[in-house]
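Scroll down for the structure; my scribbles are underneath it.
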Protein chains: 2
Amino acid sequence: MSWKAQIHEWLEHHREEGTRLLQSLVRMPSTQGNEQQAQMLIAGKLYDMNLEVELWEPDGELLAKHPYFYSPRSKFTGSPNVVGVLRGSGGGRSLLLNGHMDVVPEGDMKQWISPPYSGVVLDGMLYGRGASDMKGGNVALLLAIQAIRELGIGLKGDVIFQSVVEEESGGAGTLAAILKGYKADAALIPEPTNMRIFPKQQGSMWFRIHVKGRSAHGGTRYEGVSAIEKCMIVVSELLELERVRNARIDDPLFAGNPIPIPINIGTISGGNWPSSVPDIVTIEGRIGVAPEESMDAAKAELAAWLDRLQEQDEWFAVSPPRLEWFGARWVPGSVDTGHELIGVLTEQYEAVLGSKPAIEASPWGTDGGLLTVVGDTPCIVFGPGYTATAHYPNEHIALEDMFRAAEIIALTMLTWCGIEEEATK
Amino acid sequence: MSWKAQIHEWLEHHREEGTRLLQSLVRMPSTQGNEQQAQMLIAGKLYDMNLEVELWEPDGELLAKHPYFYSPRSKFTGSPNVVGVLRGSGGGRSLLLNGHMDVVPEGDMKQWISPPYSGVVLDGMLYGRGASDMKGGNVALLLAIQAIRELGIGLKGDVIFQSVVEEESGGAGTLAAILKGYKADAALIPEPTNMRIFPKQQGSMWFRIHVKGRSAHGGTRYEGVSAIEKCMIVVSELLELERVRNARIDDPLFAGNPIPIPINIGTISGGNWPSSVPDIVTIEGRIGVAPEESMDAAKAELAAWLDRLQEQDEWFAVSPPRLEWFGARWVPGSVDTGHELIGVLTEQYEAVLGSKPAIEASPWGTDGGLLTVVGDTPCIVFGPGYTATAHYPNEHIALEDMFRAAEIIALTMLTWCGIEEEATK
């Protein structure tokens, strides 16, 4: 019986165990600062599998000195990273498998059809915050490693499994693992791509723009300048900049994506009295950064675009919109589509699912940017789960996809890292 | 020496006393719920002048039954109205003089060059919240009555002086005085018209519009619908409705007013995460109601205008903007420009200032709408003070205008109400 057949059978026999593990993880609300319980569960699994385990809280002071550090917090007490190394016998390629354990808050409770941390299974779907993003992917990694361990398959190359914190807030967990020295010949992150392969990912940064007006009584509003009306001009200009930036994108991996690198305006607020002319409106948003673009170049382009307004509008000449960069940012990343890990993964995908995988550019950032750019480890993203449900009420994952992803990843590990003894049992 | 000359002289000799009275009133921060101290000072002045004084807290339960009642509160404990009646000898026309004692909050403290309740005088200007809106006008009324009393002039018609609460929040104080039975042949309110005469005033109402979107991750924002972009359409439509409504205004009293009855959008808020597509944006504003228009007609027109969006936009067909009416409202009012009080006031204005007064329609609502429409007392507005500084930091009034207004109003009282004995002293 081939390793492939044995891995398939092992996974078939561990469906209940895998589902229970995902349920346990989803039932631990591992929002920022509350990851410890879930991380201890993972550490326990890694000890059980006899991996070399390291568990540590990221060092905020050390991180703060790094140019790629961003986090809304400076201390990581109660938020440990966990790494487990499956040491190879030598002579093979190493593989880094990375997933994040932090989840975004549950949002509007009223929109959840079942409690947000229920882990309830309905029609093959497991529901709960983090099911897709990305505890399902983490379980797929653990199942792949466990199958290889329990079947007694010896790998030549090292496998480094990382369960990190802080991905949702800018990647400080993965950065901390990079600073610990963890690197490999290639990396895979099973974020919810819905089983597509993403060799490239856009980055993103948050911006805030303050648009001024001049207050006046609403009954004589012509004596003032409405910051809401002025803000509408700024919003239109941002939409125009988005068109200009996206018109430049000709990468076939973005084919079919209506807006490869969106500028999203997420919040707006201003004014304080219905019958006064509002004198300030503030918008906050994110600008997508193309996989091969530098974050500084994207910042400069947005700033210059807003500066043009001073020539186009008398009011803006006197009171220009004020731009700030704040909050989270995700580094863009790009791995050549000819990279061997993509070839191996594609082969195994076809072997398991009988069709070709979609290869696309990611519409969002992941910790893969940091691994590729800062961690010297080319990273691709491939995993089960649905982007569309991540961050929203009723997040869920198809369990079938989780098990299929585990099978594809296990087979990819075998081919990429090499098998110590080629003899089948 | 004519009464006119004596009144002028009396006022010249009472400049310091009048200034001190305005300072005392400005130094009492009579924001909503805190009017009692200032009202007691007024009541004391009225007792001193031997008027028939009534002091009472409006009855919230009684008011609540009235169709024109609006207030954010239902109890008026600590917020008394004060009325003083100068009873005439009979045979003359009665005059109601109304001013409000409530002031709006001081707003952003940092923008005040001196403390907001200082009453400091600089270059003939008295500074402080309420100086223009409208304690200066109230002092002008009191000086006019005091001059007539102290000079021993007997009037034929009654003069009813009202110092009311709650004008800034929809007029419950004046409504309470109407319900007490106070009425007269005509009324004058010395709101800060900067010495112009306003026979007509627009009304206004507050509205709130909720504009829905559909949330999505900012990186795939094309999967969502931005409530900010949809709200921009609603804002444009409101500006268009404003154009349509104002194009109908052909009253010469609005000549030179760029937007006679503005629609002002005062606040905007929506979205909760920079990298999510916002699913709801709410705007709040005020719609001006033409002097001869009904408030219901204005409401219906705005509602119908928004309904059109459902035909123009697929998204709005499914998720139409939701309109609510909330908060304050001010009844519009109109007095014929041929009204005799306007004639008398114009004559006295010319006699005192040597030029013709500007006669215009008011760009904002006052309690005059209630007096005209509900109180059966045709009301015009004329007073010292600057609209442009009312409600804003560094509110101030020219003391010279306050004394000139007092003189014009005193002479108007003489002519309107009639003098008991025509003999000059």
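By its C-alpha gyration tensor, with a ≥ b ≥ c as the square roots of the eigenvalues, how is region B:331-411 shaped: rounded for a/c under 1.5, else prolate for a/b larger than b/c, else oblate? It would help to have the intermediate numbers written out before the result.
On the way: a/c = 2.08, a/b = 1.09, b/c = 1.92.
Verdict is oblate for region B:331-411.
Computed over chain A with a Gaussian network model linking Cα atoms closer than 10 Å, the most mobile of A:11, A:370, A:95 is A:11. Can you tell me how region A:261-304 classifies by the Cα gyration tensor, rounded, prolate or oblate, using a/c under 1.5 as the rounded cut? In terms of gyration-tensor shape, prolate. The residue among B:273, B:177, B:205 whose Cα reaches farthest toward the positive pole of the charge dipole of chain B, with charges on the beta-carbon of Lys, Arg, Asp and Glu, is B:273.
What number in nm² do you get for region A:202-272 if you take the convex hull of its Cα atoms and divide its surface by four? That works out to 6.1 nm². Rounded to 0.05, the FRET efficiency of the residue A:244 and residue B:421 pair, given R0 = 60 Å and the Cβ-Cβ distance, is 0.10. Among B:273, A:112, a tally of other beta-carbon atoms within 10 Å of each Cβ gives an order, fewest to most, of A:112, B:273. Prolate is the label for region A:135-234, because the ratio a/c of its alpha-carbon gyration tensor axes (a ≥ b ≥ c) is 1.5 or higher and a/b is greater than b/c. In chain B, the longest principal axis of the Cα atoms and the axis of helix B:295-312 are about 20 degrees apart.
With all pairs of different alpha carbon atoms counted, what Kirkwood hydrodynamic radius in Å does the protein assembly as shown show? Each step should come with its number before you reach the end.
On the way: mean 1/r = 0.0318 Å⁻¹.
It is 31.4 Å.
Among residues other than residue A:168 with Cβ under 14 Å from its Cβ, the summed charge is -4 (Lys and Arg +1, Asp and Glu -1). The label point for residue A:47 and the one for residue B:313, both projected 7 Å from the Cα toward the Cβ, are 5.8 nm apart. Ascending distances from the residue B:358 label point to its copies in the other chains, with the point 7 Å along the Cα-to-beta-carbon line: 6.4 nm.
Suppose the chain between residue B:376 and residue B:294 were pulled fully straight at 0.36 nm per residue; how much longer would it get relative to their current alpha carbon spacing?
Values: separation 82, 0.36 × 82 = 29.52 nm, distance 1.67 nm.
My answer for the length gained is 27.9 nm.
What is region B:204-329's relative contact order, in percent, from Cα pairs under 8 angstrom and six or more apart in sequence? Don't jump to the answer; show the numbers that get you there.
On the way: 206 pairs, mean separation 51.4, N = 126.
Relative CO of region B:204-329 lands at 41 percent.
Only DSSP H runs of four or more residues enter the estimate; each adds -39500 (n - 2.57), and after division by the residues of chain B the mean residue ellipticity at 222 nm equals -11000 deg cm²/dmol.
To check you understand DSSP bridge types, tell me what percent of the beta bridges within chain B (both residues inside) are antiparallel, rounded to 5. Just about 75 percent of them are antiparallel. Which parts of region B:378-412 would a label at residue B:358 reach, counting a residue when its backbone N lies under 14 Å from a point 7 Å out along Cα-to-Cβ? So the set is B:382-389. Near residue B:82, once Lys and Arg are set to +1 and Asp and Glu to -1 for all other residues with Cβ below 10 Å from its Cβ, the sum equals -1. Each other residue within a Cβ distance under 11 Å of residue A:213 adds +1 if Lys or Arg and -1 if Asp or Glu, for a net charge of +2.
May I ask you to work out the translational diffusion coefficient for region B:271-425 at 37 °C, viscosity 0.692 mPa s, via Stokes-Einstein with Rh from the Kirkwood sum over Cα pairs, reported in whole µm²/s? Don't skip to the end; give the middle numbers.
Details: Rh = 20.1 Å.
Estimated via Stokes-Einstein, D reaches 164 µm²/s.
When the scattering of region A:203-330 is computed by the Debye formula from its Cα atoms alone, each counted once and equally, what is log10 I(q)/I(0) at q = 0.13, 0.17, 0.21 Å⁻¹? Here the Debye-derived log intensity ratios amount to -0.57, -0.87, -1.18. For the peptide A:211-219, the mean number of other protein chain Cβ atoms found within 10 angstrom of a residue's Cβ is 6.
Summary for residue A:2: label point 7 Å along Cα→Cβ; distances to the equivalent points in the other copies, ascending, 11.7 nm.
Farthest toward the positive end of the dipole of chain B, out of B:288, B:26, B:13, is the Cα of B:26, where the dipole comes from beta carbon charges about the Cα centre.
Sequence-ordered 3J(HN,Hα) estimates for region A:397-409 from the Karplus curve with 6.51, -1.76 and 1.60 and θ = phi - 60° stand at 9, 7, 4, 4, 4, 4, 5, 5, 5, 4, 5, 4, 5 Hz, glycine and proline given as x. For residue B:230, the lysines whose Cα comes closer than 30 Å to its Cα, not counting residues fewer than 8 places off in the same chain, are A:110, A:212, A:230, A:299, B:212, B:299.
For region B:204-329, give the magnitude of the charge dipole about the Cα centre (Cβ charges: +1 Lys/Arg, -1 Asp/Glu; no others), in debye to the nearest 20.
Working: 13 positive and 18 negative charges, 77 e Å.
About 380 debye.
Using only Cα positions of chain A, each an equal point scatterer, no hydration layer, compute I(q)/I(0) via Debye at q = 0.10, 0.12 Å⁻¹ and quote the log10 values to two decimals. Calculated log10 I(q)/I(0) at the listed q: -0.71, -0.97. What do you get for the angle between helix B:3-13 and the principal long axis of chain B? Use alpha-carbon atoms, 0 to 90 degrees, nearest ten. Taking Cα atoms only, the helix is inclined about 70 degrees.
Dipole size of the protein assembly as shown about its Cα centre, with +1 on Lys/Arg Cβ and -1 on Asp/Glu Cβ: approximately 640 debye, rounded to the nearest 20.
The HN-Hα couplings worked out from phi for region A:134-147 by the Karplus form 6.51 cos²θ - 1.76 cosθ + 1.60 (θ = phi - 60°) are 9, 5, x, x, 4, 5, 4, 4, 5, 4, 4, 5, 4, 4 Hz, whole numbers, x standing for Gly and Pro.
Per-residue extension of 0.36 nm, minus the Cα-Cα distance of residue B:340 and residue B:74, leaves a gain of 92.0 nm for this segment. Each of A:77, A:337, A:366 was scored by other Cβ atoms within 10 Å of its Cβ. Arranged with the fewest first, they read A:77, A:337, A:366.
For residue A:59 and residue A:20, what is the calculated FRET efficiency with R₀ set at 30 Å and r taken between the beta-carbons, to the nearest 0.05? It would help to have the intermediate numbers written out before the result.
Numbers: r = 34 Å, r/R0 = 1.14.
Calculated transfer efficiency: 0.30.
Computed from phi, the 3J(HN,Hα) profile of region A:350-356 under the Karplus parametrisation 6.51, -1.76, 1.60 (θ = phi - 60°) reads 5, 5, 7, 9, x, 8, 7 Hz, with x in place of Gly and Pro. Against chain B, whose longest principal axis comes from its Cα atoms, helix B:36-48 is set at around 20 degrees. Inter-copy label distances for residue B:247: 3.4 nm (label point placed 7 Å from Cα along Cα→Cβ; shortest first).
Note on A:167, B:12, A:229, B:223: ascending count of other Cβ atoms within 10 Å places them as B:12, B:223, A:229, A:167, the fewest first.
No lab work stands behind these numbers, since they all come straight from the coordinates. Just so we're clear, the structure is a prediction, and the values are computed from it rather than from any experiment. Quick reminder, even Gly has a Cβ in these numbers, built from the backbone with ideal geometry, and neighbours come from all protein chains shown.
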